[in-house]
1. Suppose we keep only residues that are without any contact (Cβ under 8 Å) to a residue 40 or more places away in the chain and polar (S, T, N, Q) within region 138-168. Which one would you say is most open to solvent (accessible area, probe 1.4 Å)?
2. Restricting attention to region 81-103, and to residues there that are without any contact (Cβ under 8 Å) to a residue 60 or more places away in the chain and open to solvent by 60 Å² or more (accessible area, probe 1.4 Å), which single residue is farthest from residue 139 (Cα to Cα)?
3. Residues of region 217-227 being open to solvent by 30 Å² or more (accessible area, probe 1.4 Å) and in contact (Cβ under 8 Å) with a residue 12 or more places away in the chain, which ones?
4. Among the residues of region 199-216, is any surrounded by fewer than 20 Cβ atoms within 10 Å (Cβ to Cβ) and assigned to a helix (DSSP H, G or I)?
5. Looking at this structure, is residue 30 without any contact (Cβ under 8 Å) to a residue 60 or more places away in the chain and surrounded by fewer than 19 Cβ atoms within 10 Å (Cβ to Cβ)?
6. Filter region 89-104 down to the residues that are more than 20 Å from residue 224 (Cβ to Cβ) and at pLDDT below 95 and list them by number.
7. Which condition number in (1) of a type outside the set (Gly, Ala, Ser); (2) in contact (Cβ under 8 Å) with a residue 60 or more places away in the chain; (3) buried (at least 16 other Cβ atoms within 10 Å of the Cβ) is the one that residue 172 fails?
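The values are calculated or read from the model by the stated rules, or taken from the named source; none is laboratory data. Just so it is clear, the structure is predicted and the values come from calculations on it, not from any experiment. When we count neighbours, we look across all protein chains shown, and the Cβ atoms used for this are built from the backbone with ideal geometry, even at glycine. Note: accessible area is taken over every heavy atom of the protein model, side chains too, but ligands, DNA and RNA are not part of it. Shrake-Rupley method; radii C 1.70, N 1.55, O 1.52, S 1.80 Å.
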Amino acid sequence: MFRGVTLALLMMTLFCGQALAAEKYTVASDCTWPPMEMLNAQKQPEGYSTDYIRAVAKAAGFEVDVRNIAWDGIFGGVATGKYDIVASSTTITPERQKQFDFSDPYYEVVQAVVLPAGTNIKSLADLKGKKVGGQIGTTGIFVMRKADVGADLKEYDDVGLAIQDMVGGRLDAVICDSPVAMYYVNKKADYAGKLNLSFKTDDKEYYGFTVRKGRQDLVDKLNKGIKQVKESGLEAKLIEKWMGTGK
């Protein structure tokens with residue numbers, strides 16, 4: 001009888017342990033987009049999205065393992081179940097919603113134009129004839145092409161290289177997502193006092209956490225955590241930590 005009870009207790013412990021382990025989700029993040037997703041000195045993921053998903057997990061009662069995964073494999077991985085969540089500044093679009101489920105938005109984004117300190121523009125039209133840099137395949141490039149203001153558009157593999165060229169006098173302006181602009185203007189020590197976030201577009205986008213289609217259970221958990229992070233004031237603290245309190 002004792003052995004039977006002992007075995008039963010061991011089995012219960014095992015199954016409970018498995019149930020608890022199932023509450024730990026693998027998060028894929030392409031850590032090349034500061035300050036949203038990047039690697040620290042120890043090559044571990046950090047940034048606004050990383051802090052946010054960890055805060056959401058804590059608030060909703062689950063755990064996350066955040067991994068640095070290249071962008072070109074990130075959505076295929078979540079579609080096949082290799083990863084549970086994508087936390088990588090993913091804009092919620094109707095096209096993506098046909099293939100994946102999304103959490104509620106965790107960040108509102110507009111496009112921002114960064115100029116050298118002491119210079120300003122009032123609209124994209126003021127960039128006519130100017131050399132404007134942006135990262136290949138990003139919304140900023142699409143916005144400039146659509147605006148068709150007569151700017152000389154230069155595309156870069158990394159927005160940081162565009163900022164570097166502008167500071168070096170090889171560009172007149174850089175266009176990028178607003179949190180990225182805020183990071184370089186307010187937080188990047190190398191560029192302190194050298195940059196001005198001069199203009200933001202009106203059109204808004206929203207970042208959401210991405211999961212495999214049909215995972216409403218996980219969407220519900222994410223939304224529960226997002227709601228608590230917003231209401232607790234932690235979201236505002238994370239914005240200040242990663243983007244600063246400037247424009």
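1. 164
2. So, considering only residues that are without any contact (Cβ under 8 Å) to a residue 60 or more places away in the chain and open to solvent by 60 Å² or more (accessible area, probe 1.4 Å), the one farthest from residue 139 (Cα to Cα) is 82.
3. 221, 223, 224, 227
4. Scanning region 199-216, I find at least one residue that is surrounded by fewer than 20 Cβ atoms within 10 Å (Cβ to Cβ) and assigned to a helix (DSSP H, G or I), so the answer is yes.
5. no
6. Scanning region 89-104 gives 89, 91, 93, 94, 95, 96.
7. (2)
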